[in-house]
Number of protein chains: 2
Amino acid sequence: MNQEIQIQDVSMEKFFEKYEAKFKALADKKRLQIMNILTQKGEMCVCDLAPLMEMAQSKLSYHLKILLDANIISKETRGTWSYYQINQDEINHMLSHELCCVFKPSC
Amino acid sequence: MNQEIQIQDVSMEKFFEKYEAKFKALADKKRLQIMNILTQKGEMCVCDLAPLMEMAQSKLSYHLKILLDANIISKETRGTWSYYQINQDEINHMLSHELCCVFKPSC
DNA sequence: TTTTTTAATCAAATATTTTTGATTAAAAAC
DNA sequence: GTTTTTAATCAAAAATATTTGATTAAAAAA
(Lines give C-alpha, C1' and ligand atoms only; values in the text may rest on other atoms or scores of the structure.)
Protein backbone atom coordinates (compact mmCIF):
# COMPACT_ATOMS: atom_id res chain seq x y z
CA MET A 1 0.00 0.00 0.00
CA ASN A 2 2.78 2.41 -0.83
CA GLN A 3 1.35 4.12 -3.92
CA GLU A 4 -0.43 7.48 -3.84
CA ILE A 5 -3.40 5.93 -5.56
CA GLN A 6 -4.07 3.66 -2.63
CA ILE A 7 -3.88 6.05 0.30
CA GLN A 8 -7.60 6.64 0.65
CA ASP A 9 -10.83 4.76 0.01
CA VAL A 10 -11.95 7.42 -2.47
CA SER A 11 -8.80 6.91 -4.53
CA MET A 12 -9.15 3.14 -4.27
CA GLU A 13 -12.69 3.41 -5.58
CA LYS A 14 -11.39 5.29 -8.65
CA PHE A 15 -8.58 2.79 -9.04
CA PHE A 16 -10.95 -0.17 -9.01
CA GLU A 17 -13.27 1.53 -11.50
CA LYS A 18 -10.37 2.17 -13.83
CA TYR A 19 -9.25 -1.44 -13.75
CA GLU A 20 -12.82 -2.74 -13.98
CA ALA A 21 -13.02 -1.00 -17.38
CA LYS A 22 -9.62 -2.30 -18.47
CA PHE A 23 -10.27 -5.90 -17.42
CA LYS A 24 -13.73 -5.72 -19.03
CA ALA A 25 -12.03 -4.87 -22.31
CA LEU A 26 -9.76 -7.91 -21.92
CA ALA A 27 -12.63 -10.18 -20.87
CA ASP A 28 -13.62 -11.42 -24.30
CA LYS A 29 -11.97 -14.12 -26.39
CA LYS A 30 -12.60 -12.29 -29.66
CA ARG A 31 -10.96 -9.17 -28.30
CA LEU A 32 -8.00 -11.20 -27.03
CA GLN A 33 -7.71 -12.68 -30.52
CA ILE A 34 -7.79 -9.20 -32.07
CA MET A 35 -5.02 -8.14 -29.67
CA ASN A 36 -3.00 -11.22 -30.60
CA ILE A 37 -3.35 -10.50 -34.32
CA LEU A 38 -2.39 -6.84 -33.87
CA THR A 39 0.63 -7.96 -31.85
CA GLN A 40 1.76 -10.26 -34.69
CA LYS A 41 0.89 -8.03 -37.65
CA GLY A 42 1.91 -4.78 -36.02
CA GLU A 43 -0.80 -2.68 -37.62
CA MET A 44 -4.06 -3.46 -39.42
CA CYS A 45 -7.00 -1.69 -40.98
CA VAL A 46 -10.57 -2.73 -40.26
CA CYS A 47 -11.07 -3.99 -43.81
CA ASP A 48 -8.20 -6.49 -43.49
CA LEU A 49 -8.96 -7.46 -39.90
CA ALA A 50 -12.65 -8.21 -40.53
CA PRO A 51 -12.13 -11.17 -42.89
CA LEU A 52 -9.26 -12.49 -40.71
CA MET A 53 -11.54 -12.39 -37.66
CA GLU A 54 -14.49 -13.68 -39.74
CA MET A 55 -16.48 -10.85 -38.26
CA ALA A 56 -18.94 -8.34 -39.68
CA GLN A 57 -17.55 -4.81 -39.92
CA SER A 58 -19.97 -3.23 -37.43
CA LYS A 59 -19.27 -5.95 -34.90
CA LEU A 60 -15.51 -5.56 -35.30
CA SER A 61 -15.77 -1.78 -34.95
CA TYR A 62 -17.74 -2.30 -31.74
CA HIS A 63 -15.01 -4.49 -30.25
CA LEU A 64 -12.22 -2.21 -31.47
CA LYS A 65 -13.93 0.74 -29.79
CA ILE A 66 -14.00 -1.10 -26.47
CA LEU A 67 -10.26 -1.84 -26.70
CA LEU A 68 -9.59 1.73 -27.85
CA ASP A 69 -11.59 3.28 -24.99
CA ALA A 70 -9.62 1.14 -22.53
CA ASN A 71 -6.39 2.46 -24.11
CA ILE A 72 -5.33 -1.10 -24.97
CA ILE A 73 -5.05 -0.32 -28.68
CA SER A 74 -4.66 2.91 -30.61
CA LYS A 75 -5.93 4.14 -33.95
CA GLU A 76 -4.42 6.11 -36.80
CA THR A 77 -6.63 7.29 -39.63
CA ARG A 78 -5.10 7.61 -43.09
CA GLY A 79 -7.55 8.52 -45.84
CA THR A 80 -10.69 6.43 -45.43
CA TRP A 81 -8.75 3.71 -43.62
CA SER A 82 -8.39 3.26 -39.88
CA TYR A 83 -5.24 1.49 -38.79
CA TYR A 84 -5.19 -0.08 -35.37
CA GLN A 85 -2.22 -1.21 -33.32
CA ILE A 86 -1.59 -2.63 -29.87
CA ASN A 87 -0.63 -0.24 -27.08
CA GLN A 88 2.45 -2.01 -25.80
CA ASP A 89 2.92 0.22 -22.76
CA GLU A 90 -0.57 -0.44 -21.49
CA ILE A 91 -0.14 -4.21 -21.84
CA ASN A 92 3.18 -4.07 -19.97
CA HIS A 93 1.64 -2.13 -17.12
CA MET A 94 -1.28 -4.52 -16.76
CA LEU A 95 -0.18 -8.03 -17.53
CA SER A 96 2.43 -10.40 -16.17
CA HIS A 97 5.61 -11.21 -18.00
CA GLU A 98 4.16 -14.69 -18.52
CA LEU A 99 1.50 -13.34 -20.86
CA CYS A 100 4.19 -11.58 -22.86
CA CYS A 101 4.39 -14.05 -25.73
CA VAL A 102 0.79 -13.53 -26.63
CA PHE A 103 0.68 -9.75 -26.45
CA LYS A 104 4.26 -8.65 -26.87
CA PRO A 105 5.97 -8.97 -30.26
CA SER A 106 9.37 -8.99 -28.52
CA CYS A 107 8.73 -12.49 -27.18
CA MET B 1 5.14 -17.47 -29.93
CA ASN B 2 7.44 -19.89 -28.21
CA GLN B 3 5.03 -21.58 -25.80
CA GLU B 4 3.36 -24.93 -26.43
CA ILE B 5 -0.02 -23.37 -25.83
CA GLN B 6 0.37 -21.12 -28.82
CA ILE B 7 1.48 -23.55 -31.49
CA GLN B 8 -1.92 -24.11 -33.08
CA ASP B 9 -5.14 -22.18 -33.55
CA VAL B 10 -7.07 -24.81 -31.58
CA SER B 11 -4.81 -24.31 -28.59
CA MET B 12 -4.99 -20.56 -28.96
CA GLU B 13 -8.78 -20.78 -28.93
CA LYS B 14 -8.63 -22.64 -25.58
CA PHE B 15 -6.06 -20.20 -24.28
CA PHE B 16 -8.26 -17.20 -25.11
CA GLU B 17 -11.30 -18.86 -23.55
CA LYS B 18 -9.37 -19.52 -20.36
CA TYR B 19 -8.24 -15.91 -20.07
CA GLU B 20 -11.65 -14.58 -21.05
CA ALA B 21 -13.02 -16.26 -17.91
CA LYS B 22 -10.17 -15.02 -15.75
CA PHE B 23 -10.38 -11.41 -16.97
CA LYS B 24 -14.17 -11.54 -16.64
CA ALA B 25 -13.70 -12.41 -12.98
CA LEU B 26 -11.41 -9.41 -12.56
CA ALA B 27 -13.72 -7.11 -14.52
CA ASP B 28 -15.82 -5.87 -11.61
CA LYS B 29 -14.94 -3.20 -9.07
CA LYS B 30 -16.67 -5.02 -6.23
CA ARG B 31 -14.70 -8.17 -6.96
CA LEU B 32 -11.46 -6.17 -7.15
CA GLN B 33 -12.34 -4.71 -3.75
CA ILE B 34 -12.98 -8.19 -2.34
CA MET B 35 -9.58 -9.28 -3.67
CA ASN B 36 -7.95 -6.23 -2.10
CA ILE B 37 -9.55 -6.95 1.29
CA LEU B 38 -8.53 -10.61 1.16
CA THR B 39 -4.99 -9.52 0.29
CA GLN B 40 -4.86 -7.25 3.34
CA LYS B 41 -6.69 -9.46 5.82
CA GLY B 42 -5.22 -12.72 4.61
CA GLU B 43 -8.33 -14.79 5.18
CA MET B 44 -11.99 -14.00 5.78
CA CYS B 45 -15.32 -15.73 6.25
CA VAL B 46 -18.42 -14.65 4.38
CA CYS B 47 -20.09 -13.39 7.56
CA ASP B 48 -17.24 -10.93 8.22
CA LEU B 49 -16.74 -9.95 4.60
CA ALA B 50 -20.43 -9.18 3.95
CA PRO B 51 -20.72 -6.21 6.38
CA LEU B 52 -17.27 -4.93 5.29
CA MET B 53 -18.40 -4.98 1.66
CA GLU B 54 -21.86 -3.67 2.62
CA MET B 55 -23.26 -6.47 0.54
CA ALA B 56 -26.06 -8.98 1.04
CA GLN B 57 -24.86 -12.54 1.73
CA SER B 58 -26.32 -14.08 -1.43
CA LYS B 59 -24.80 -11.35 -3.57
CA LEU B 60 -21.40 -11.76 -1.95
CA SER B 61 -21.53 -15.55 -2.38
CA TYR B 62 -22.31 -15.01 -6.07
CA HIS B 63 -19.23 -12.83 -6.53
CA LEU B 64 -17.02 -15.14 -4.45
CA LYS B 65 -18.08 -18.06 -6.64
CA ILE B 66 -17.00 -16.20 -9.78
CA LEU B 67 -13.56 -15.51 -8.29
CA LEU B 68 -13.35 -19.09 -7.01
CA ASP B 69 -14.27 -20.61 -10.40
CA ALA B 70 -11.57 -18.49 -12.02
CA ASN B 71 -9.06 -19.82 -9.45
CA ILE B 72 -8.34 -16.29 -8.26
CA ILE B 73 -9.34 -17.08 -4.69
CA SER B 74 -9.65 -20.34 -2.76
CA LYS B 75 -11.99 -21.57 -0.04
CA GLU B 76 -11.54 -23.56 3.12
CA THR B 77 -14.58 -24.71 5.06
CA ARG B 78 -14.29 -25.07 8.82
CA GLY B 79 -17.52 -25.93 10.60
CA THR B 80 -20.32 -23.82 9.17
CA TRP B 81 -17.87 -21.14 8.13
CA SER B 82 -16.29 -20.66 4.73
CA TYR B 83 -12.95 -18.93 4.77
CA TYR B 84 -11.73 -17.34 1.56
CA GLN B 85 -8.24 -16.24 0.66
CA ILE B 86 -6.47 -14.82 -2.36
CA ASN B 87 -4.64 -17.20 -4.68
CA GLN B 88 -1.30 -15.47 -4.83
CA ASP B 89 0.17 -17.69 -7.54
CA GLU B 90 -2.68 -17.00 -9.91
CA ILE B 91 -2.36 -13.24 -9.42
CA ASN B 92 1.38 -13.40 -10.05
CA HIS B 93 0.90 -15.33 -13.26
CA MET B 94 -1.70 -12.92 -14.58
CA LEU B 95 -0.90 -9.41 -13.47
CA SER B 96 2.05 -7.06 -13.85
CA HIS B 97 4.43 -6.28 -11.06
CA GLU B 98 2.89 -2.80 -11.04
CA LEU B 99 -0.41 -4.11 -9.75
CA CYS B 100 1.42 -5.92 -6.95
CA CYS B 101 0.70 -3.46 -4.18
CA VAL B 102 -3.01 -3.92 -4.54
CA PHE B 103 -3.07 -7.69 -4.75
CA LYS B 104 0.15 -8.85 -3.14
CA PRO B 105 0.59 -8.53 0.62
CA SER B 106 4.38 -8.55 0.17
CA CYS B 107 4.26 -5.02 -1.32
C1' DT C 1 -34.01 -31.75 20.78
C1' DT C 2 -34.98 -27.22 19.24
C1' DT C 3 -33.35 -22.93 17.69
C1' DT C 4 -29.99 -20.17 15.55
C1' DT C 5 -26.17 -19.23 12.52
C1' DT C 6 -23.72 -19.83 8.30
C1' DA C 7 -23.37 -19.86 3.46
C1' DA C 8 -24.78 -22.05 -0.92
C1' DT C 9 -28.27 -22.22 -4.33
C1' DC C 10 -32.53 -21.12 -6.76
C1' DA C 11 -35.86 -18.60 -9.67
C1' DA C 12 -37.50 -14.26 -11.12
C1' DA C 13 -36.61 -9.50 -12.02
C1' DT C 14 -33.43 -6.17 -13.58
C1' DA C 15 -29.45 -4.45 -15.85
C1' DT C 16 -25.78 -4.69 -19.05
C1' DT C 17 -23.44 -6.30 -23.08
C1' DT C 18 -23.33 -8.05 -27.63
C1' DT C 19 -25.14 -8.87 -32.16
C1' DT C 20 -27.46 -7.57 -36.27
C1' DG C 21 -28.68 -4.96 -40.16
C1' DA C 22 -29.23 -0.32 -41.73
C1' DT C 23 -27.74 4.37 -42.18
C1' DT C 24 -24.31 7.89 -42.46
C1' DA C 25 -20.23 10.62 -43.74
C1' DA C 26 -15.95 11.02 -45.67
C1' DA C 27 -12.46 9.88 -48.85
C1' DA C 28 -11.04 7.25 -53.02
C1' DA C 29 -11.73 5.57 -57.52
C1' DC C 30 -13.77 5.99 -61.72
C1' DG D 1 -19.71 14.64 -60.82
C1' DT D 2 -21.04 9.90 -59.81
C1' DT D 3 -20.10 5.60 -57.81
C1' DT D 4 -17.67 2.81 -54.67
C1' DT D 5 -15.11 1.83 -50.56
C1' DT D 6 -14.20 2.44 -45.77
C1' DA D 7 -15.51 2.51 -41.09
C1' DA D 8 -18.28 4.73 -37.40
C1' DT D 9 -22.70 4.94 -35.35
C1' DC D 10 -27.50 3.85 -34.46
C1' DA D 11 -31.63 1.40 -32.80
C1' DA D 12 -33.74 -2.93 -31.97
C1' DA D 13 -33.21 -7.71 -30.80
C1' DA D 14 -30.81 -11.27 -28.46
C1' DA D 15 -27.79 -12.98 -25.17
C1' DT D 16 -25.44 -12.62 -20.59
C1' DA D 17 -24.66 -11.05 -16.14
C1' DT D 18 -26.21 -9.28 -11.80
C1' DT D 19 -29.41 -8.42 -8.09
C1' DT D 20 -32.95 -9.71 -4.99
C1' DG D 21 -35.43 -12.29 -1.71
C1' DA D 22 -36.50 -16.92 -0.42
C1' DT D 23 -35.28 -21.62 0.46
C1' DT D 24 -32.17 -25.19 1.81
C1' DA D 25 -28.79 -27.93 4.36
C1' DA D 26 -25.40 -28.39 7.60
C1' DA D 27 -23.20 -27.27 11.78
C1' DA D 28 -23.24 -24.71 16.20
C1' DA D 29 -25.42 -23.03 20.20
C1' DA D 30 -28.91 -23.18 23.49
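Structure summary
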item: B:Tyr83 long-range amide H proximity, modeled H, under 5 Å; result: B:Glu76, B:Thr77, B:Arg78
item: C-alpha long axis of helix B:29-41 to longest principal axis of chain B, angle in °; result: 70
item: Virtual spin-label span in nm between A:Asn71 and B:Ser61, 7 Å along Cα→Cβ; result: 3.9
item: Efficiency of FRET between A:Trp81 and B:His93 - r from beta-carbon atoms, R0 41 angstrom, step 0.05; result: 0.65
item: In order through segment B:84-89: 3J(HN,Hα) via Karplus (6.51 cos²θ - 1.76 cosθ + 1.60), integer Hz, x for Gly, Pro; result: 10, 8, 6, 9, 3, 4
item: Gyration tensor (alpha-carbon) shape descriptor, the protein assembly as shown, a/c threshold 1.5; result: prolate
item: Ranked packing of B:71-80, A:85-94, most packed first, by mean Cβ within 10 Å; result: A:85-94, B:71-80
item: Local electrostatic count, A:Gln88, Cβ distance below 13 Å [Lys/Arg +1, Asp/Glu -1]; result: -2
item: Between helix B:9-26 and chain B: long-axis angle, C-alpha atoms, 0 to 90°, nearest 10; result: 20
item: Cα-based shape type of segment A:7-103, given that a ≥ b ≥ c are square roots of the gyration tensor eigenvalues and the cut on a/c is 1.5; result: prolate
item: The protein assembly as shown, helix-only ellipticity at 222 nm - DSSP H runs n ≥ 4, -39,500 (n - 2.57), divided by all residues, nearest 500; result: -17500 deg cm²/dmol
item: Accessible area of the protein assembly as shown belonging to carbon and sulfur atoms, whole % at 1.4 Å probe; result: 48
item: For residues of B:54-60, the mean tally of beta carbons on other chains within 10 Å; result: 0
item: Relative contact order of chain A, defined on C-alpha pairs under 8 angstrom at six or more residues apart (%); result: 25
item: Buried solvent-accessible surface, both chains (B, A), 1.4 Å probe, Å² to nearest 100; result: 2900
item: Under-5 Å amide H pairs with B:Leu95, H placed in peptide plane, nonlocal only; result: A:Ser96
item: Residue-averaged beta-carbon neighbours from other chains (10 angstrom radius) around B:96-104; result: 4
item: 10 Å Cβ neighbours from other chains, averaged over peptide B:83-93; result: 1
item: Label 7 Å beyond Cα on the Cβ vector: A:His93 copy-to-copy distances, nm; result: 2.7
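The values are calculated or read from the model by the stated rules, or taken from the named source; none is laboratory data. Because the structure is a prediction, the values reported are computed rather than measured. Glycine gets a Cβ as well: all are built from the backbone with ideal geometry, and neighbour counts include every protein chain shown. For the accessible areas, the whole protein counts, side chains as well, though only heavy atoms, and no ligand, DNA or RNA atoms are used. Shrake-Rupley method; radii C 1.70, N 1.55, O 1.52, S 1.80 Å.
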